[in-house]
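Worksheet: one structure, shown below.
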Amino acid sequence: MTHFLETVFQSVFWSAVIKVVFVFALLLLTALILVWFERRVVAFMQNRVGPNRAGPFGILQTLADGLKLLFKEGIRPRKVEVGLYLAAPIMAMIPAFLIFLMVPIGAPIHIGETTVTLQGADLNIALLFVLAMSSIAVYAIVLAGWASGSKYPLLGGIRATAQMISYEAAMGLALVPVVVFASSQIAGGSLGVGTMSFSRIVALQAGSFRGPVPGWFVFSLLPSFVIFFTAAIAETNRAPFDLVEAESEIVGGYHTEYSGFRFAIFFLAEYINMFNLSAIAVTLFFGGWLGPGADLPYVGWLVPIFWFLLKTYALLFLFVWIRATLPRLRYDQLMTLGWKWLIPLSLAWLVVFVLLQGVRVFGMPWS
Amino acid sequence: MSLSAYLPIAIMALLASGFAAISLGLSRLIAPHNPTPEKLDPYECGIVPLQEPVQRFPVKFYLVAMLFVIFDVEIVFLFAWAVRFTQLGWYGIGAVGIFTLLLIETLVYVWKRGALDWNVARRSRRRPAVVEPLTEKAA
Amino acid sequence: MDWGNWFSDANNVVFLVVALVMVAASVRVVTSPNVVHSALMLVIALAGAAGLFLMLGAEFVAWTLVLVYIGAVIVLFLFGIMITRAPTGRDPGRLDHARRWPAAVVALGTFVTIATVTTLAFEDRPVSGAVTSGGDLGEVLFNRYVIPFEAVSFVLLAALIGGIVLARKDPER
């Protein structure tokens, strides 16, 4: 058995296929759990019970809803432009699934002589890839809005695009200090080569920050995390930034004309994106899969995965908590927050951080 | 780097789009299909749609996209610098500092010109239009 | 050149496929009657260019191309289309192709010029040993090309000021 697994994972192709299928299944399962998780948590926060009939604690509710949508009529309005209208949900799916390939979900596993990384693809430029993919995700929304040939989707699509690109700029700027910090952490700040690879960024957080406090980047880069997380909520179009689908103003926004399973695909992509961004925040700021207990016998390889999921779900809880607490912003407030607060703040933080880090690593510029 | 690092990405792109396409096709097969003219109208909260969707959008959206292009270019340069932060030292910080300063200046300029103001344009304070009393007209 | 040998290298075949897709997409960019479709075809052509950079091992440049061009510049184009006239859904604004022949001549001339210049400049030198990783790029950019790099920020500032002057009236005094 071990020998067989070893042979499989030595083959580049088959190990890629296995990892991809695993990540794919994980993301689908996560989306199912996440929708239920959100509904339950929001329900308890609003003093309701929430879905509790299908399966234990109602955990199969999302599956039931998904199956229902599969059997629903997919109305394709007369005025849509067929090709792009049908392609838009698929375009929403692809970046959502690709981003998670970058995230390491556990410590590398040793099968015999072979080391298997629990990561879909370990690119050197993972951070750039993630930003590129989230900018591609804009297309699904703007094209869904445009191809629907209807008023509200068009308004929703344009709004969504402007919102997403605004907060993407803030997100990108907030991530620069992370790379700077990672570069100066390598080899104790001597002339090392920096990195944007997620696996190495996780490895850099293994030490301790001070005493028992772990060396997670969040302790040194808290403003970056706050800006990243705020931008992440806006990127996924979640409350309080869900103006894209503000029911009271523009009905369903870009997916007004989408019904049945086409709508379900958009919905799925949104929840997977939420999970992706939480997972990336955990990887960059909270030490990824690092945690105690990875040297336990037999279950040692499962412990890092447990820590990773625990941290990610803690952030997802924050997502849901924020949604249950804050009312929706007005569009001008949204743009003001993005351009007049988040971007200047991230620029200021970048300048301050880089100067401090420069003094710490290189000494005073005149010395 | 070799292209084999991109193999999982290619497989995932195929799998994700395949899953979406197949499930949409399956839904098409098993779901009822019963279009009526009213059902196929663009959504308009139940009213019969009379107008085409809006033909023009505020130019502000365009300005946001333009500003975003500039910030995007800046971010890419910053990343290229950040991975060599320790090697470039104060020299690198200086070079990137000049660049960032110009970016900040761009932002300040745009801000001062009001391109970031999304609230309803402050209407010029003209005298309020005199409203003719309706009763006299009616009489 | 021996074509049999050329085709037996998988890299060459992939290159050929990507290049053909790019050419087809580029032709559709100018012949499509619908502006939005043109913009999307341009996305495909740019994605092909990113693919070519990946094949050369220039990861950083490839993803920068996706991030900046596909993620920002084409979105700007789409906004430009939508704020002027947004022909939604099945009602595409028909584009005027009346002056297609002069345009074709200009395009051909540009192509010949660029192709000749690049082939002459590179001669038969292979591109191996080029700057590939993001870090190396940073080093080269900040040492050898630091003046052009700073100039870029001026160009960007000028572009934005131009855009604002065109797009916005002066505030009333």
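The values are calculated or read from the model by the stated rules, or taken from the named source; none is laboratory data. Small disclaimer: the values here were computed from a predicted structure and weren't measured. Counting neighbours? That spans all protein chains shown, and the Cβs are built from the backbone with ideal geometry, glycine included.
Taking the range A:1-15 as the range and being at the interface with chain B (Cβ under 10 Å from one of its Cβ atoms) and without any contact (Cβ under 8 Å) to a residue 24 or more places away in the chain as the test, the residues that pass are A:Val12, A:Phe13.
Annotation: of all residues in the range C:149-168 being within 7 Å of chain B (Cβ to nearest Cβ) and among the small types (Gly, Ala, Ser), the one that is surrounded by the fewest Cβ atoms within 10 Å (Cβ to Cβ) is C:Ala167. Counting just the residues of the range B:89-99 that are at the interface with another protein chain (Cβ under 7 Å from one of its Cβ atoms) and over 35 Å from the mean Cα position of the chain (by Cα), which one comes out modelled with the lowest pLDDT? Among residues in the range B:89-99 that are at the interface with another protein chain (Cβ under 7 Å from one of its Cβ atoms) and over 35 Å from the mean Cα position of the chain (by Cα), the one modelled with the lowest pLDDT is B:Gly89. Among the residues of the range A:307-324, those that are surrounded by fewer than 16 Cβ atoms within 10 Å (Cβ to Cβ) and either touching a residue at least 24 places away in the same chain (Cβ under 8 Å) or touching a strand residue (DSSP E or B) at 6+ places or on another chain (Cβ under 7 Å) (or both) comprise A:Phe317, A:Leu318, A:Trp321, A:Ala324. Just for the range B:66-84: of the residues that are at the interface with another protein chain (Cβ under 7 Å from one of its Cβ atoms) and among the charged types (D, E, K, R), which one is farthest from the chain's Cα centre (by Cα)? The qualifying residue farthest from the chain's Cα centre (by Cα) is B:Arg84. Would a scan of the range A:35-50 turn up a residue that is in contact with a Gly (Cβ under 9 Å, 6 or more places away or on another chain), in a helix (DSSP H, G or I) and within 14 Å of chain B (Cβ to nearest Cβ)? Looking through the range A:35-50, none of the residues is in contact with a Gly (Cβ under 9 Å, 6 or more places away or on another chain), in a helix (DSSP H, G or I) and within 14 Å of chain B (Cβ to nearest Cβ). Go through the range C:56-96 and report how many residues are outside any helix (DSSP H, G or I) and either at pLDDT 85 or above or in contact with a helix residue (DSSP H, G or I) (Cβ under 7 Å, 6 or more places away or on another chain) (or both). Adding up the residues that qualify gives 5. Of all the listed residues (A:Trp289, A:Trp366), the sole one being in a loop (DSSP other than H, G, I, E, B) and free of Cβ contacts under 8 Å to residues at least 12 places away in the same chain is A:Trp366.
The set of residues from the range A:133-187 being crowded, with 24+ Cβ neighbours inside 10 Å, over 21 Å from the mean Cα position of the chain (by Cα), more than 10 Å from chain C (Cβ to nearest Cβ) and more than 27 Å from A:Asp332 (Cβ to Cβ) comprises just one member, A:Val180. Go through the range A:271-303 and report how many residues are under 20 Å from A:Leu222 (Cα atoms) and among the β-branched types (Val, Ile, Thr). Of the residues in the range A:271-303, 3 are under 20 Å from A:Leu222 (Cα atoms) and among the β-branched types (Val, Ile, Thr).
Pairs linking a residue in the range A:331-345 that is in contact (Cβ under 8 Å) with a residue 40 or more places away in the chain to a residue that is surrounded by 16 or more Cβ atoms within 10 Å (Cβ to Cβ) and polar (S, T, N, Q), with Cβ atoms under 6 Å and 6 or more positions apart or on different chains, are A:Gly338/A:Ser166.
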